[in-house]
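Taken together, the values in this text are just the output of simple stated rules run on the coordinates, not laboratory data. Source: prediction; values computed, not measured. Using ideal geometry, Cβ is built from the backbone for each residue, glycine included, and neighbour counts are taken over all protein chains shown.
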Amino acid sequence: MVPLVLAAQAVRLYVPNPIAIELPLLAVVMAMQGETISRFGGMPIQTIVVTNNLLKFADGIVGRYLSYGKRSQATGGNAGRSTQADVVLPGCAWLAYTIGAGSAALASVYLSLPFIAPAALLVLTTFDLLVTRPFEDT
């Protein structure tokens, strides 16, 4: 993903009308991200289709704080109270989306190299994943 993000940065710097080239590059990066980064703390969290996380967050809040007894009765007693992770992880995802979108908007307006920070974060994330969960031979 890093080479594609850096290619988008180069396009932004050197092409007079970069949108037609930059957007497809970033779309490919998003597709790669959606396929490779999808579980956090054992819970599936979509990093591209953010509305799924909004629904998970709302369902977690309702299941944990608003309808514990009613939810169990409505589903035949099989569904219990939502766990704290059912609320916290999608909530943190939405907080990260908000911070990321705001930061990206500000970087796009005020920085001449707005894709350098995301490329660096991708390198750090890759390094962290390789160090904390090394690949096993299968």
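Summary table
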{"item": "Sorted by Cβ neighbour density within 10 Å, fewest at the top, the residues Met30, Met1", "result": "Met30, Met1"}
{"item": "Phi to ³J(HN,Hα) by Karplus 6.51 cos²θ - 1.76 cosθ + 1.60 over the stretch 123-133, Hz, x for Gly, Pro", "result": "5, 5, 5, 4, 4, 4, 5, 5, 6, 7, 9"}
